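As C-alpha cells, the structure follows; a few thoughts come after it.
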Amino acid sequence: MLGTDFRTGSPNWLDLGSPDTTAAAAFYEALFGWKFVSAGPEAGGYGFFQKAGKTVAALGPLTEEGAKSAWMVHFQAEDIQATVKALKDGGGKIRMEPMDVMGEGWLAQATDPQGAEFALWQPGKTAGLGIASAENTLLWVELHVPDPAAAIAFYKGLFGWRHQEMEAPGMTYRVLSIAEGDQQEGSFGGVAPLSGEGEEARWVPYFNVTDVDATVRTAGENGGSVLMPAADVPDVGRIAWLADPSGAVFALLKPAPRMS
C-alpha cells in the first residue's frame, strides 16, 4: 500500500483541478472530513486538503484550456528533465514543461501514449503528501487504458516499475510496484483494461474508507454521482466509483483484511 517513503515512480502527490474550488472544498469536507488550507495569495487559488494537520491532497482551479475537472496523480521523478526525455522518446506528450514551483519542487504535466493524463514531481522542499493509506486518504491508484501491456512497457521506461499479473473476473489485472524493495510492500496501484464503451483512458485515485456504502450515500447527498455502485471484490475489498459535483472521477475502497 501507499506510504510516504517516496522513491522513483512512487505516487507522491495528488491534486484536483476544479471549475469551482469553493464547492469542491465543501464537498470533500462533507465526504472525508478534510479541511482546505490556502497556499496563499501568490498560489493563484491553489491550496491543500488536510487531515489532522497533514496534507492528503491539493485543490486548485483549472488552468489548461478546455480542461475538465479531474484528479491528477503525480509520480516521483529523481531527474525530471531526464524523465521528460524518456517520456517523449516513449511516445508520451508533455502538456507543461518542467517548472520550478517556488522551490517546493519541479512539476511537469504529461499524457501517456494512450491518453491518460498524469504529472511528474521532483521533490524540493516538499517531498509529497504528508499521509497516505490511512482512513480517508489516498490508498491506491489505478490506470485504465485500451492496451495494459503497452502501458506497462511505457511506464517501465520512465520509472522501472515492476508488475504482477492477477486473474480477475473477465480480465487480467496487473499490480504495479516500484522497482526497489519487496514487490508486495512496494505495490501502489494497478492497470486494468477499459471496461465499457466510451470510457476514457485515465488514472483513478482510490481513497480508504471504513464504510463504502455510507460514504456513497454522503456523496449523493452532497451532489456527487455514483458511477459504479458499491460491490465486494474477492481478496480486494469493497469498492465504489463516484464523481464529484463537477464530474471528477474517484473511487472508494475498504480493503479486505489481507490488504490492510
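Figure note: Arg174, Arg217 ranked by solvent-accessible area, largest first, 1.4 Å probe, ligands and nucleic acids not counted: Arg217, Arg174.
When the surface is traced with a 1.4 Å probe over the full set of protein chains, Thr22 keeps roughly 110 Å² accessible. Would the stretch 61-133 count as rounded, prolate or oblate if I go by the C-alpha gyration tensor, calling it rounded below 1.5 in a/c and otherwise prolate when a/b exceeds b/c, oblate otherwise? Here the stretch 61-133 falls in the oblate category.
For the chain, the fraction of 1.4 Å probe accessible surface lying on carbon and sulfur atoms is 52 percent. Give me the 1.4 Å probe accessible area per residue for the stretch 10-158, excluding ligands and nucleic acids, in Å². Normalised by residue count, the accessible surface of the stretch 10-158 is 42 Å².
Of the GluC sites (Glu not before Pro) found in the stretch 104-183, those that fall in a DSSP loop while having at most 15 other beta-carbon atoms within 10 Å are Glu104, Glu135, Glu180. Annotation for the stretch 53-135: trypsin sites (Lys or Arg not before Pro) lying in DSSP loop with at most 11 further Cβ atoms inside 10 Å of their Cβ are Lys125. For the chain, the Cβ-based charge dipole about the Cα centre amounts to some 260 debye (Lys, Arg positive; Asp, Glu negative; other atoms uncharged).
Could you tell me which of rounded, prolate or oblate describes the stretch 58-186, using a ≥ b ≥ c as the square roots of the eigenvalues of the alpha-carbon gyration tensor, with rounded for a/c under 1.5 and, failing that, prolate when a/b is larger than b/c and oblate otherwise? Because its axes are fairly even, with a/c under 1.5, the stretch 58-186 counts as rounded. Cα centroid separation, the stretch 218-260 to the stretch 8-86: 20 Å.
In this structure, the pairs whose alpha-carbon distance is over 20 Å, taken from Lys85/Lys156; Lys156/Lys254; Lys68/Lys93; Lys68/Lys156; Lys35/Lys125; Lys85/Lys125, are Lys156/Lys254; Lys68/Lys156; Lys35/Lys125; Lys85/Lys125.
From the Cα gyration tensor of the stretch 38-85, with a ≥ b ≥ c the square roots of its eigenvalues, which class applies: rounded if a/c is under 1.5, or else prolate if a/b is larger than b/c, or else oblate? Oblate shape, in that a/c is at least 1.5 and b/c is the bigger or equal ratio.
The residues of the stretch 190-242 expose on average 47 square angstrom of accessible surface per residue, using a 1.4 Å probe on protein heavy atoms. So how exposed is Phe36, as accessible area in Å² (1.4 Å probe, rounded to 10)? Approximately 80 Å² for this residue. The orientation-averaged projection of the convex hull spanning the C-alpha atoms of the chain amounts to 12.8 square nanometres.
The values are calculated or read from the model by the stated rules, or taken from the named source; none is laboratory data. Just so you know, these numbers come straight off a predicted model, no measurement behind them. Neighbour counts run over all protein chains shown; Cβ positions are idealised from the backbone, glycine included. Heads up: the accessible areas ignore ligands, DNA and RNA and are worked out on the full protein's heavy atoms, side chains in. Shrake-Rupley method; radii C 1.70, N 1.55, O 1.52, S 1.80 Å.
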